[in-house]
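Asker: Take a look at this one; I'll ask things after.
Nothing in this text is a laboratory measurement; each read-out follows from the coordinates by a stated rule. What you are looking at is a predicted structure, and each value in this text was computed from that prediction instead of being measured. Here Cβ is always computed from backbone atoms with ideal geometry, including for glycine, and neighbour counts include all displayed protein chains.
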Amino acid sequence: MTLNFSWIKKLDWILVSSALALVFFGLVTMKSFGSGENYFFNRQIIWLLIAFFVFILTYSIDWSFLKTNSVFLLALYLFIILLLAVTAVLGEVTRGAASWIKIHSVTLEPVELIKPILILLLAKYFSKRHVDIARFLHLFISSLYLGLPFLLVLLQPDLGSAVVLGAIWLGMAVFSGIKLRQFLILLALGILVISIAWSSFLLPYQKERVFVFLNPQKDIQGAGYQAYQSMIAVGSGKIFGKGIGLGTQSRLEFLPEHATDFIFAAFAEEWGFFGIIIFFIFFGILLWRVLRFGVYAESNFEKLYSAGFAIFLFFQSSIHIGMNSGLLPITGLGMPFMSYGGSSLVSLFFALGILESLSLHKKGIFIGGEERFKEGVLGT
C-alpha cells in the first residue's frame, strides 16, 4: 500500500502558514515562561491539534455538492440553532452571558459554530439569485437565516457576536449586488434594531460599557477598569515591547481575560509597535489569500463564500483590536485564530478547510501563472 501525500503540495501553504502564525502569536502570549500557570496554553495546544485534524478532514472532502444541495447545510444550521436555543436557556453564565454549554469536560460555544455555516448558507442563497437580488423579497428571505441565530445570541446576551452575524449578512448582501435604495433601507432597519436592542435586550452592565467608552475616566475601578488597563497595556509596549513573557499588565493579572478578550493588548505590551506591524502583515496575508480565492473562483458560490469569510475575519478582528485599543466599547469578542477558545479555533479551521477544498476540486487549470477554466468562463 502506497501512501499518497500529493494533497500536501496542493495546499495553499501561504494561507495556512499565515493562519498558523496568528495561532503562534496567541500561544506565545498565553505561555508562562516562569513558574506560572499554563492552563490556557496547554489546552489551546490540544485544540490546535483537533482543529488542524478537522482542517485536513474538511479539505479532503469535495464540498462542491453544496452548490446544488441545501439539505446538508440546512440540517447543520438547524442543529446549531438548537444548540443556541439550549445555550440561551441552560448555558453556563460567564462574564454576564450564557454563551457556553458543557458536555462532559468539554465547553462548547455554539455561536462560533454558526458563523461559517451562516456564510455558506448565504453564499448558496445569494449565488442562486444574483440576477434577482434587486427584489426585496429575496433580501427579506435571506435575512430570516440571520434572524434566528441573531435573536438567540442576543438573548444570551452576547451583543458582540450578534453584531458580527449582522455584519456578515449585510456585507454579503452588499457584495451580491443590492441597490443603493435597498442598502439605505437596510441601514434604517439596522438603526431600528439597535434602538430596540438598547431598550429591550441590553442589560445594565452592557449599557454601562458604552457610557464608559464615551468617558473612560468615569469609573476606572469599576466598569471602566478593563478598558483602562487594556489601553495601558497597548501603550506601555512602545516600539519594541517589554519582551516575550515580560508583560506586567497581563502576567500580574492587572489586565483581565488576557488570553481571550484582551489578547491583542497583552500581545502589544510584550511585542510593541514592531510586533503589531508583524501581526498585521500576517493577518493581511491571510485576508489576501482568502480574497484571492474569490477572485479566481469558478462560480458565484465560491466568490460569495470567500467574501463572507473575509468580511467575518476583518469585522471581528477590527472590533477586537478597537476595544483593546480604547477605540470601541468592550464587547467580549476574541481575536480570530489568536484568542483562546476551542470552538472558535475548530470553526475557523473548518472554514479554511472548505475554502481549500473548493479550490482543490474546481475545474480550473493553471496556465502561465494565471488561472483559466475549461468551461472558458472565469467566475460565471
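Asker: I need the phi-derived Karplus couplings for region 101-115: 6.51 cos²θ - 1.76 cosθ + 1.60, θ = phi - 60°, integer Hz, Gly and Pro marked x.
Answerer: 10, 9, 10, 6, 9, 9, 9, 10, 10, x, 4, 5, 6, 6, 4
Asker: Can I ask one more? Which order results if 181, 289 are arranged by neighbouring Cβ count within 10 Å, fewest first? Could you put the intermediate results ahead of the total?
Answerer: Numbers: 181 10, 289 21.
The fewest-first ordering by Cβ neighbours comes to 181, 289.
Asker: In which sequence would 288, 63 go, from the one with the fewest C-beta neighbours within 10 Å to the one with the most? Each step should come with its number before you reach the end.
Answerer: Values: 288 14, 63 21.
Starting with the residue having the fewest Cβ neighbours, the order is 288, 63.
Asker: Which value in nm describes the separation of the simple spin-label points at residue 10 and residue 185, placed 7 Å from the Cα toward the beta carbon?
Answerer: Spacing of the two 7 Å Cα→Cβ label points: 4.4 nm.
Asker: Can you compute the modelled spin-label distance between residue 71 and residue 141, with each label point 7 Å from Cα toward Cβ, in nm?
Answerer: 2.0
Asker: Going by how many other Cβ atoms sit within 10 Å of their own, how do 28, 234, 295, 164 line up, fewest first?
Answerer: Working: 28 15, 234 25, 295 11, 164 21.
Sorted ascending by nearby Cβ count, the order is 295, 28, 164, 234.
Asker: Please give the contour-minus-distance gain from residue 295 to residue 360: 0.36 nm per residue of separation, less the Cα-Cα distance, rounded to one decimal in nm. Numbers along the way, then the final one.
Answerer: Numbers: separation 65, 0.36 × 65 = 23.40 nm, distance 1.50 nm.
Extra length from residue 295 to residue 360 when fully extended: 21.9 nm.
Asker: Given a Förster distance of 30 angstrom, what is the FRET efficiency for residue 327 paired with residue 20, based on the Cβ-Cβ distance and rounded to 0.05?
Answerer: Numbers: r = 28 Å, r/R0 = 0.93.
After rounding, the FRET efficiency stands at 0.60.
Asker: Let me ask another. Given charges of +1 on the Cβ of Lys and Arg and -1 on the Cβ of Asp and Glu, with all other atoms neutral, how large is the dipole of region 11-362 about its Cα centre, in debye to the nearest 20? If you can, show how the numbers build up before the last one.
Answerer: On the way: 22 positive and 18 negative charges, 151 e Å.
With only Lys, Arg, Asp and Glu charged at Cβ, the dipole is about 720 debye.
Asker: State the extension gain, in nm to one decimal, for the chain segment bounded by residue 49 and residue 106, taking 0.36 nm per residue of separation less the distance between their alpha-carbons. If you can, show how the numbers build up before the last one.
Answerer: Values: separation 57, 0.36 × 57 = 20.52 nm, distance 1.52 nm.
Residue separation times 0.36 nm, minus the Cα-Cα distance, leaves 19.0 nm.
Asker: In the structure shown, do any of 102/124; 102/303; 102/238; 10/179; 179/362; 10/303 have a Cα-Cα gap over 29 Å, and if so which?
Answerer: 102/124; 102/303; 102/238; 10/179; 179/362
Asker: Here's a follow-up. Under a plain spin-label model, where a point goes 7 Å from the Cα along Cα-to-Cβ, how far apart in nm are residue 57 and residue 278?
Answerer: The two pseudo-label positions are separated by 3.4 nm.
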